[in-house]
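The values are calculated or read from the model by the stated rules, or taken from the named source; none is laboratory data. No experiment lies behind these values; they were computed from the predicted model shown. Don't worry about glycine lacking a Cβ; one is built from the backbone with ideal geometry, like all the others, and counts go over all protein chains shown.
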Amino acid sequence: MRYLAVLALAALAVLTVAGTAGATTTVSYTVGGWVTQLPGPLTPPPDAPWGPNGYPGDTVAFQTYTGSLNLTPGTSDHKISTLLWNVDYTYGGTPEPWPDMNLSFTATPNMFFVGGSSGNLNQTGLDRVNYYHDYLSLSQGSTTSFFIDNTYRIDVTPIGLASQCDNNNLGTQPSREVDATFVVTAIPEPLTMAGLFLGLAGVGGYIRKRRRA
């Protein structure tokens, strides 16, 4: 048991060196803008109340955002964008009132870390439109991984937003903050890992010698 304790302490010492090899720092990130317009599935006829061009549908946009992240390994939530929503007429056919129109979309804004990699985030949303109100929601997005100088991996997962009602008001709606969960993982340096294996091998050799004595 004494030899196993020596082995465990040696492994812990080398891993401690590995943990301090990547000094805690911060990194800047930027999430680009993204926008889509959501007309209804039906084409307004010439005699529609607002005319054939009077039903452009709602507009959904993600605002460009720049933030910073502490690279201490762990999990934390941070802002990635501001959700903008403009409500406009959407044609739903006749007779009125018409049933709900579920207009789905997938937001794919680009994200990049200074000194690191870039990629697209992926988050679906739903603009539910009926005769009286419009409702906008975001689902939880999928996870996208980024790397900083082969030293850190950052997994980013956009967080969903509950349904928001337009309260029967056309035009610009209250904006909402869009956040994401960031998981920071330190990547062990190759030389540190080599030191770990050499250290364990040395302790193993010591144990074998002690057993032969």
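Quick one: which residue in 178, 156, 203 is under 23 Å from residue 37 (Cβ atoms) and either crowded, with 18+ Cβ neighbours inside 10 Å or modelled with pLDDT under 95 (or both)? First the steps, then the outcome.
Values: 156 fails: under 23 Å from residue 37 (Cβ atoms); 203 fails: under 23 Å from residue 37 (Cβ atoms).
When all the criteria are applied, what remains is 178.
Contact list please: Cβ distance under 6 Å, first residue in segment 74-95 and under 16 Å from residue 55 (Cα atoms), second residue in a strand (DSSP E or B) and polar (S, T, N, Q), pairs at least six apart or on different chains.
86/59; 86/172
Please verify whether segment 80-103 includes one or more residues that are touching a Leu at 6+ places or on another chain (Cβ under 7 Å), loosely packed, with under 14 Cβ neighbours inside 10 Å and not aromatic (Phe, Trp, Tyr).
yes
Yes or no: residue 127 farther than 30 Å from residue 186 by Cβ and in contact with an Asp or Glu (Cβ under 8 Å, 6 or more places away or on another chain)? Full working, then the answer.
On the way: farther than 30 Å from residue 186 by Cβ: yes; in contact with an Asp or Glu (Cβ under 8 Å, 6 or more places away or on another chain): yes.
Here the answer is yes, as residue 127 does meet what is asked.
When only residues in segment 51-66 that are surrounded by fewer than 16 Cβ atoms within 10 Å (Cβ to Cβ) and more than 17 Å from residue 38 (Cα to Cα) count, which is modelled with the lowest pLDDT? Walk me through how you get there before you give the answer.
Pass one, segment 51-66, residues surrounded by fewer than 16 Cβ atoms within 10 Å (Cβ to Cβ): 51-54, 64, 66.
Going one step further and asking which of them are more than 17 Å from residue 38 (Cα to Cα), we end up with 51, 64, 66.
Details: 51: 93, 64: 98, 66: 98.
Among residues in segment 51-66 that are surrounded by fewer than 16 Cβ atoms within 10 Å (Cβ to Cβ) and more than 17 Å from residue 38 (Cα to Cα), the one modelled with the lowest pLDDT is 51.
Being assigned by TED's automatic domain parsing to the domain that holds residue 48 and in a strand (DSSP E or B) is the requirement here; does residue 163 meet it?
On the way: assigned by TED's automatic domain parsing to the domain that holds residue 48: yes; in a strand (DSSP E or B): yes.
Yes: the conditions hold for residue 163.
Which number in (1) in a strand (DSSP E or B); (2) among the hydroxyl-bearing types (Ser, Thr, Tyr); (3) closer than 26 Å to residue 129 by Cα marks the one condition that residue 43 misses?
The one condition residue 43 does not meet is (1).
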